[in-house]
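The values are calculated or read from the model by the stated rules, or taken from the named source; none is laboratory data. Everything numeric in this text was worked out from a predicted model, so none of it was measured. All Cβ positions, glycine included, derive from the backbone under ideal geometry; neighbour counts span all protein chains shown.
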Amino acid sequence: MKREFNVIIERDEDGFFVASVPELKGCHTQAKNLDTLMKRVREAIELCIEVEGDNVRYTEFVGVQRISVEA
């Protein structure tokens, strides 16, 4: 069965791309480039599904909003 997951990708202060999958608890990975990141995140998702089994919580992605505040 094919499933789709939302992946959040950020770049850290060292220049690494970091991917997180909100639906899968603890499902994160990182890489120096996006091609490698995509490969690694697929592997991470497969492993997390194997561990989580039927306990995967599906959420609907709504969007991202950037907010500016004085700090």
Within the stretch 1-54, track down each residue that is under 25 Å from Arg66 (Cα atoms), assigned to a loop (DSSP other than H, G, I, E, B) and free of Cβ contacts under 8 Å to residues at least 12 places away in the same chain. Glu4, Glu13, Asp14
Count - residues of the stretch 52-71 that are under 25 Å from Asp12 (Cβ atoms) and of a type outside the set (S, T, N, Q): 9
Looking only at the stretch 45-71, how many residues end up being of a type in the set (A, V, I, L, M, F, W, C), more than 17 Å from Met1 (Cα to Cα) and modelled with pLDDT of 90 or more? 2
Selection within the stretch 28-71 - surrounded by 12 or more Cβ atoms within 10 Å (Cβ to Cβ) and of a type in the set (Gly, Ala, Ser): Ala31, Ala44
